[in-house]
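Nothing in this text is a laboratory measurement; each read-out follows from the coordinates by a stated rule. Predicted model only: the values in this text are computed from it and were never measured. Using ideal geometry, Cβ is built from the backbone for each residue, glycine included, and neighbour counts are taken over all protein chains shown.
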Amino acid sequence: MKLLQIALMCGLIGGIVGLQCFFCTDGLGDTSVACRDPFNTSTTDPTVIRQLCGVGAYSCSKSYLSSADMSFTVRGCVDSSLCPATDGCTSSEYQGNAATGCCCTTDFCNGAGSMSMNLLTTAAVGLAALFALY
Ligand SMILES: *[C@@H]1O[C@H](CO)[C@@H](O)[C@H](O)[C@H]1NC(C)=O
């Protein structure tokens with residue numbers, strides 16, 4: 001019984017400590033080539049931070065925007081309320097550029113090569129990640 005209680009407590013604490021996500025940006029001044037796809041999840045690049053989202057309803061996100069003259073990638077924690085779908089991506093137009101945003105809810109899932117995708121508000125997720133940074 002003691003072991004079971006300890007196991008339950010560890011699970012509980014794990015849930016309280018919260019989600020971990022990769023956090024990095026590329027293409028907006030802070031150029032982190034390591035942030036781009038294909039993403040190396042074992043990268044030791046100092047511009048890629050392993051971020052603890054904190055207590056609350058968070059998801060890991062990955063957003064990218066590309067056009068002829070610019071592209072950027074943002075990965076990080078976002079409030080889950082910005083993700084209409086729990087696990088997924090959506091593509092949309094953002095100021096005339098193609099933008100894609102994804103959310104997922106397992107540790108470091110935003111480093112995965114292909115995230116399963118549903119619709120969400122791409123620009124909001126990308127901007128929220130940026131605001132979290134600055
Ligand atoms: C990923 O990063 C690690 C640590 O820097 C490196 O050893 C490994 O070769 C990299 N893998 C790829 C596919 O680049």
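Brief remarks on what is shown
- Around Ser71: net Lys/Arg minus Asp/Glu count, Cβ-Cβ under 11 Å: -2
- Residue order, fewest to most beta carbons within 10 Å, for Val33, Val78: Val33, Val78
- Gain in span if fully extended, Thr47 to Met70, counting 0.36 nm per residue against the direct Cα distance: 6.3 nm
- Neighbour counting of Cβ atoms within 10 Å sorts the residues Arg36, Arg75, Arg50, fewest neighbours leading, into Arg50, Arg36, Arg75.
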